[in-house]
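Asks: The structure is given below, and queries will be raised subsequently.
No value in this document is a laboratory result; all are computed from the given coordinates. On a predicted model such as this, the values are computed, not experimentally measured, just so you know. Glycine gets a Cβ as well: all are built from the backbone with ideal geometry, and neighbour counts include every protein chain shown.
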Amino acid sequence: MPVRAELDDIDLKILRELQDDGRITNVELSERVGISAPPCLRRLRKLEEAGIIEGYRALLNAPALGYDLVAFCMIGLTLQSEVNLRAFAEKTLQWPIVRKSWMVSGESDFLLHCVATDLATFQDFVIDQLTAADNVETVRTMLTIRQVKNDGPVEIAHGTTKT
C-alpha cells in the first residue's frame, strides 16, 4: 500500500489504535504502540498537524436515535461544467439528510449518502428538494436493507511503509 506521508511503524500503530478507539488516553495509546507517553503525544500532534488525523467524532447509533433509513442517491446533472458541479456540491451542504457526498465519474455525477427517520421523509426530500434542484437531470435511489460491514474509513497497513 503506497503511503504519501512519511510514516513509520509506530505512526501506523497509532493510527490503527485511534481508528479503533478515538477516546483512548495518551498513556494507554503509548502502552499499546510500545513507546512512552511524551513521544507518543508528540507523534500524535505531528499526525494532527500534517492533516493525517482530520479530527475526532463519536460514532452514533442512528436507529437508536430514530434514523431508520439509509439510502444512496446517484445524481446525474444536465450540465457538468465546473460551475455547475460546484453549485450542486454546495447545494448538498445545505441538506441535513445528506450525510456524505462524493463527486464521481461514470454514469452519475454525484453519489449521496442519505439518512432519514423514515421512508416518507426520504421520499419528500427526493421529490421536493433533490429532483427540484437546478441542473438535476436524473436521480436514482437505492435503499439499504442491512449494513453488513462498518470498518474504519481506511485500512492501516502492517509493516514498514516509510517512503
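Asks: In the chain, if every C-alpha pair distance is counted and binned at 5 Å from zero, what percent goes to each bin?
Replies: Calculated over all Cα pairs of the chain, the distribution is 1, 7, 14, 15, 12, 11, 12, 12, 8, 5, 2, 0 percent.
Asks: Calculate, for LEU111 and ALA58, the FRET efficiency according to 1/(1 + (r/R0)^6) with r their C-beta to C-beta distance and R0 41 Å; round to the nearest 0.05.
Replies: Efficiency computed from Cβ-Cβ geometry: 0.95.
Asks: With N residues in the range 70-135, what two-decimal value do you get for its Cα radius of gyration over 2.2 N^0.38 Å?
Replies: 1.05
Asks: Which residue fluctuates most in the GNM of the chain (Cα springs below 10 Å): LYS100, LYS149, LYS91?
Replies: LYS149
Asks: Among 57-67, 114-124, how do they line up by average Cβ neighbours within 10 Å per residue, starting with the highest?
Replies: Highest mean packing first, the order is 114-124, 57-67.
Asks: Turning to a different aspect of this structure: Please quote Rg/Rh for the range 1-59 to two decimal places, taking the Kirkwood radius as Rh and restricting both calculations to Cα atoms. Numbers along the way, then the final one.
Replies: Values: Rg = 10.9 Å, Rh = 11.7 Å.
With Rh from the inverse mean 1/r over Cα pairs, Rg/Rh is 0.94.
Asks: Moving to a separate point now. Rounded to the nearest 0.05, what FRET efficiency is calculated for ILE127 and ASP68 with R0 set to 25 Å and r the Cβ-Cβ distance?
Replies: The formula returns an efficiency of 0.80 here.
Asks: Going toward the positive end of the dipole of the chain, with +1 on Lys and Arg Cβ and -1 on Asp and Glu Cβ, which of ALA71, GLY22, ASN61 do you reach last?
Replies: Comparing the listed Cα positions along the dipole, GLY22 ranks first.
Asks: Efficiency by 1/(1 + (r/R0)^6): what FRET value for ASP21 and ARG86, r their Cβ-Cβ distance, R0 = 41 Å, to the nearest 0.05?
Replies: It comes to 0.65.
Asks: To the nearest 500 deg cm²/dmol, what mean residue ellipticity at 222 nm is calculated for the chain from DSSP H runs of n ≥ 4 alone, each contributing -39,500 (n - 2.57), summed and divided by the residues?
Replies: Details: 5 runs with 51 residues, N = 163.
The helix-only estimate for the chain comes to -9000 deg cm²/dmol at 222 nm.
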